[in-house]
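Some notes on the structure that comes next.
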Amino acid sequence: MAAGTLTVLRLPPPRRVDPQVAGRAMLLAPLAVLPLGAAVTGLLLVTAETGVPPLARGLMAVALLALGTRALHWDGLSDVADGLTASYDPQRSLTVMRTGTSGPAGTLAVVLVAGLQAAGFAALSGSPAGCVLAGACVLGSRVSLATCCARPVPPARPEGLGATVAGTVPVLAAALAWLALAGALAGLLAVLPVQRAPWHALVPVVLAVVLSLLLVRRCTSRLGGVTGDVLGAGVEASLAVLLLALT
């Protein structure tokens, strides 16, 4: 369920989808995108060795991730930005988010976040160790899904992806997922030849946690809960934060 939903990999659907399966899928999301993280690391390594300019490397990495996810998360980011700026009425906002078109707020959000991600990828691609960290950030950004789907968070609609996964992840499991990410990044900083102490891994993780919590709180208060679009927005925003903080 995790790989089939979050990547372009064509896999058979699970035999059943209940809250337990959905919650496990959201917790396994970082592992489900291992091929994408590896692909980004490989792309940055190859383009750096062949003399591709840094910003072009970053933009190529953003494009690769968009292709590898059917641009699903970018659509979510655009829809959330448009919905939250369209109206203070929850139903009006949800209607705007359902239309699928991109308004001024959605377009600006996509451009800004894509630009920040490209800049982060470009900066990290200056060394092989940085390329590995960039790939790790791809995996780490999916931990935000556990926060968006934590058990107290309700769905904003009775249907859709949000209704399937909202409230399926125990709070303790979501917290442990972030701790696991901090430990993994600290381990990478300890073994890779980078001028960073292992404890520096706490900074990007804490920032990503805060961002995810703020997003969930805002969408819950404005929309009444989360939707599939909110999950996508959390992924893309978290990736930008992790990349820039590590840079």
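Any read-out appearing in this document is the output of simple, stated calculations on the displayed coordinates, not a laboratory observation. Everything quoted here is computed from the prediction, not taken from an experiment. Here the Cβ positions follow ideal geometry from the backbone for every residue, glycine too, while neighbour counts run over all protein chains shown.
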Per principal axis, descending, Cα span of the stretch 2-246 in whole Å: 50, 38, 35
The stretch 36-65-the stretch 226-247 distance, computed between alpha-carbon centres (Å): 19 Å
The chain: angle of helix 171-191 to the longest principal axis, Cα-based, in degrees nearest 10: 10 degrees
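Count charges around Arg24 for me, please; just the other residues with Cβ under 14 Å from its Cβ, Lys/Arg as +1, Asp/Glu as -1.
Once positives and negatives cancel, what remains is +3.
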Value at 222 nm in deg cm²/dmol, rounded to 500, when DSSP H runs of n ≥ 4 in the chain each add -39,500 (n - 2.57): -23000 deg cm²/dmol
Angle between the chain longest axis and helix 202-223 axis [Cα atoms, degrees, rounded to 10]: 20 degrees
Nearest-ten-degree value, helix 54-68 long axis tilted from longest Cα axis of the chain: 40 degrees
Cβ-based charge dipole, the chain, positive-most Cα from Ala182, Leu64, Pro154: Pro154
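So between Leu214 and Arg70, what do we pick up on full extension, going 0.36 nm a residue minus the alpha carbon distance? Let's see the in-between values first.
Numbers: separation 144, 0.36 × 144 = 51.84 nm, distance 2.60 nm.
Between Leu214 and Arg70, full extension yields an extra 49.2 nm.
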